[in-house]
Every structure is written in structure tokens, then in C-alpha cells.
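S.K.: What follows is a single structure, and I will ask about it in a moment.
The values are calculated or read from the model by the stated rules, or taken from the named source; none is laboratory data. The model shown is predicted, which means the values in this text are computed figures rather than measured ones. Methodologically, a virtual Cβ is constructed for each residue, glycine included, from the backbone with ideal geometry; neighbour enumeration extends over all protein chains shown.
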Amino acid sequence: MNLKPIINSLLDTDLYKLTMLQVLLHQFPGAEGEYHFKCRNRLAKPLALFKDEIAAQVDHLCTLRFQKEELDYLRSMRFIKGDLVDYLDLFQFRRRFIHITTAPDEPLRLEIIAKGPLIQVMLFELFILAIVAEVFHSHFDQAACVQEGRLRLANKIEAVREFGRKPARRHPYIFFEFGTRRRASRIWQEEVVTTLARELPEYFRGTSNVDLARRYNLTPIGTMAHEYLQAHQAFGYRLRDFQKMALENWVREYRGDLGIALTDTVGMDAFLMDFDLYFAKLFDGLRHDSGDPFIWGEKALSHYEKLRIDPNTKMLTFSDSLDFQKTFDLYQTFGDRTRIGFGIGTHLTNDLGVEAPNIVMKIMACNGSPVAKISDAPGKTTFQDGTFMAYLRQVFGQ
């Protein structure tokens with residue numbers, strides 16, 4: 001097989017993988033984790049057809065090391081500690097921790113499982129998803145896809161400019177690129193990011209991709225993901241307290257930096273029960289990732305007001321399956337009432353006129369115990385052990 005590498009840099013990942021890694025490295029360095037791949041939509045070309053191509057790309061991934069200029073860039077961030085950079089200087093993926101097969105009972109279903117030390121296997125997720133998405137996309141007419149993608153991107157840019165001509169709300173309209181995990185290709189993501197930075201500098205404020213942020217002098221964006229909170233279900237705390245302990249450990253690590261909290265590991269209502277005045281003052285804002293964003297936003301603002309915190313001093317970040325029209329509607333609703341930002345993923349990096357795989361790779365177990373997510377969108381609820389899920393629902397009154 002004549003391999004054209006998809007991943008050329010270990011910095012070609014999202015910032016929150018590194019910020020979560022730092023907490024785990026400092027506070028839970030011996031933890032074990034298990035991640036499972038899943039495709040949520042039915043594709044005309046089953047991903048299992050590309051198993052060997054994907055495996056070859058993962059083999060290449062496991063040869064990569066962080067480069068000096070990449071480590072120097074990380075060291076320049078005030079919230080990244082020197083010992084994390086030292087760990088990454090030594091870091092290399094171990095192929096034995098990831099298994100790529102087809103499901104024994106379903107030969108057209110791709111099965112990928114990463115299992116091993118959490119500070120190793122958690123980093124596989126973004127790279128695996130980017131590899132799978134690009135391998136899949138490579139089997140379409142690339143020239144036609146790029147032509148269509150550029151046309152759609154130009155229309156999106158014009159839509160943002162047109163929206164920007166309307167009277168502004170109290171707070172500015174801003175958005176970020178969050179599309180690494182499901183991008184059509186690394187090259188296309190780079191073109192999207194550089195085009196947005198050039199054409200919409202007043203609205204486009206950064207990218208989750210650390211490599212692109214470094215190379216184009218952009219702001220890297222990201223804090224935490226569900227896996228971070230879910231892992232706390234297996235760190236020895238009382239299950240009812242796992243969210244509070246995850247937030248507490250985050251504050252202990254970053255002491256004011258990276259202050260956007262993710263709300264939907266067991267649903268927004270259960271999150272707000274734990275997000276008391278202490279955390280509401282310590283964190284700069286909240287991130288939405290499932291359920292009706294308008295209902296979520298109203299709940300967030302009501303919660304701040306109940307705590308006698310001015311919502312205008314906080315930020316709501318929306319990041320669930322956004323397109324630009326949805327961001328415009330959300331901005332019109334909330335732009336006078338709180339600071340607001342939008343993380344846009346697949347709509348930017350895999351909107352080229354062909355189907356895009358809706359793929360995820362989620363943590364299913366930690367330290368030998370099951371973990372789970374109860375999403376505000378039923379299709380995003382994640383679990384493997386039904387008994388544990390029933391217990392989690394009971395504990396949080398779901």
C-alpha cells in the first residue's frame with residue numbers, strides 16, 4: 001500500500017485533549033481507560049471496507065513524536081506546565097493499545113477499541129476520528145468536493161457578512177472552528193481556517209486545532225470534554241459527587257484559566273444542581289453540547305440570576321451541530337443578555353456535498369469500572385453497562 005500519511009504532527013489535535021491530559025497526568029497518572037469507536041449514521045460505503053487503510057494510517061501515527069518547535073509552543077502557554085511538555089517530549093503512541101477489527105456479528109461494522117493507560121489512550125480519540133473521516137472521504141471525487149466546498153464556504157462567509165450588517169447586540173458575535181474530529185481532510189480544514197481568518201477577522205476568533213493555531217498565529221480554543229467528567233465516575237468518589245469533584249480538580253489545576261465548564265454529562269438540570277455559587281463564580285461560563293440550545297441558554301441565565309450573578313459577566317459557548325443560521329438565531333436571542341460564542345465543526349470542515357460520517361470515540365470504562373453519559377439529546381447518551389446506567393440515572397434522578 002502506497003501510504004500518504006493523514007497525520008503528520010502530534011500537535012494536530014484539539015486543545016482540550018492536552019488540557020484534560022494535564023489534569024490526569026498530575027492527579028490520576030495511573031488511571032486506565034477504554035474507548036470505543038462508533039458511527040452514528042448509516043453510510044452508503046460502510047467504514048469496515050476501509051479497515052486496512054485505517055490500520056495503516058494508525059501504524060504511521062504510532063511512529064510520530066512531538067517536535068521541538070511544537071513543544072516550545074506548548075511551553076509558551078501560561079496554563080501548560082513544564083512537566084506536561086516533558087511528558088510529551090517522551091510521548092509516542094503504542095500500537096498494542098489500539099485494536100482495529102470488524103465486529104464479529106456484523107462484518108460491515110468497523111470496530112476500534114483503545115485500551116490502556118488513560119494518559120496514553122485518551123489521545124488516540126481525535127487522531128482516530130480524523131483518520132477515519134479522511135480515509136472515507138478520500139474515496140469520493142476530490143476535485144469536485146473541493147470545488148463544492150469552496151462554493152459553500154464562500155456562501156457562508158457572505159451570510160456572516162450580511163448578518164454583521166444588522167444592528168449589533170450588546171455583546172459581539174464571534175465563532176470558532178471546532179472541526180478536527182470529522183474533517184473531510186487535514187488540507188481542507190487548513191484551507192477553511194485560513195480563509196476564515198483572512199475573510200472574517202472581526203468574527204472568527206480561533207480554532208480548537210493546536211497545530212493550526214501555532215502555524216497561523218491563531219488563538220487555540222478548548223477546555224474539557226465529557227471523557228474528563230466521566231472518568232471521575234471511576235476515580236473513587238461517591239458517584240453523586242463526581243461532577244463536583246471534576247470541577248474542583250479542574251480549578252485546582254488551572255486556578256482561573258480555561259474557565260468554561262461542560263454541562264451535559266448527566267444532563268443540564270443535574271449539572272446545575274452541582275454548579276453552585278462557588279463554581280459559578282470560579283468558572284467564566286458554560287458550554288452547550290446537547291439538547292435544545294434555547295432551552296439550555298434560558299436555564300443557564302436563570303441559574304446565574306438566581307445566584308445573583310450578572311450573566312453579562314459570563315459566557316455561553318454553543319457547540320452542538322451548529323450551522324451559521326442557528327448561530328444567528330441564538331445570537332439574536334442571547335446577545336444582549338450574556339457574552340456568547342459558537343464552536344462550529346462539521347458544518348465548516350466536512351460540508352462538501354457528500355455524506356459525512358457522524359463518528360465518535362467515547363470512553364466506556366475507567367479503572368476497570370463502567371462509565372456513562374446521560375445526554376440531553378437521547379441519541380448522544382453513551383453507555384455499555386446497562387446496570388451501571390440504571391444506577392447513574394437513579395443517583396441523579398433521571
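S.K.: Would you check if there is a residue in region 23-43 being closer than 30 Å to ALA377 by Cα and part of a helix (DSSP H, G or I)?
M.R.: Looking for residues that are closer than 30 Å to ALA377 by Cα and part of a helix (DSSP H, G or I), one finds at least one in region 23-43, hence yes.
S.K.: Here is a list: MET389, MET361. Which entry is assigned by TED's automatic domain parsing to the domain that holds GLY30, buried (at least 18 other Cβ atoms within 10 Å of the Cβ) and in a helix (DSSP H, G or I)?
M.R.: The conditions single out MET389.
S.K.: Go through the residues of region 19-32 one by one and say whether even a single one is more than 20 Å from the chain's Cα centre (by Cα), of a type in the set (A, V, I, L, M, F, W, C) and not assigned by TED's automatic domain parsing to the domain that holds ARG182. Walk me through how you get there before you give the answer.
M.R.: We begin by selecting, within region 19-32, every residue more than 20 Å from the chain's Cα centre (by Cα); these are 26-32.
Filter once more, keeping what is of a type in the set (A, V, I, L, M, F, W, C): 28, 31.
Okay, now just the ones that are also not assigned by TED's automatic domain parsing to the domain that holds ARG182, so 28, 31.
The answer is yes; a qualifying residue exists.
S.K.: Considering only region 253-274, state which residues are in contact with a strand residue (DSSP E or B) (Cβ under 7 Å, 6 or more places away or on another chain) and either of a type in the set (Phe, Trp, Tyr) or in contact (Cβ under 8 Å) with a residue 40 or more places away in the chain (or both).
M.R.: Those that are in contact with a strand residue (DSSP E or B) (Cβ under 7 Å, 6 or more places away or on another chain) and either of a type in the set (Phe, Trp, Tyr) or in contact (Cβ under 8 Å) with a residue 40 or more places away in the chain (or both): ILE260, THR265.
S.K.: Can you name the helices (runs of 4 or more DSSP H) wholly within region 162-252 that have at least 1 residues being under 18 Å from the mean Cα position of the chain (by Cα), in contact (Cβ under 8 Å) with a residue 12 or more places away in the chain and within 20 Å of ARG287 (Cα to Cα)?
M.R.: Result: 210-216, 226-231.
S.K.: Related question: State all residues of region 94-108 that are buried (at least 16 other Cβ atoms within 10 Å of the Cβ) and either touching a residue at least 40 places away in the same chain (Cβ under 8 Å) or over 22 Å from the mean Cα position of the chain (by Cα) (or both); if no residue qualifies, say none.
M.R.: Let us first name the residues in region 94-108 that are buried (at least 16 other Cβ atoms within 10 Å of the Cβ), namely 97-98, 100, 102.
Within region 94-108, ILE98, ILE100, THR102 qualify.
S.K.: Kindly check whether there is at least one residue in region 38-56 that is touching a residue at least 12 places away in the same chain (Cβ under 8 Å), buried (at least 20 other Cβ atoms within 10 Å of the Cβ) and touching a strand residue (DSSP E or B) at 6+ places or on another chain (Cβ under 9 Å).
M.R.: yes
S.K.: Hey, another quick one. All but one of (1) buried (at least 21 other Cβ atoms within 10 Å of the Cβ); (2) touching a helix residue (DSSP H, G or I) at 6+ places or on another chain (Cβ under 6 Å); (3) within 21 Å of THR382 (Cα to Cα) hold for LEU262; which doesn't?
M.R.: Single failed check for LEU262: (2).
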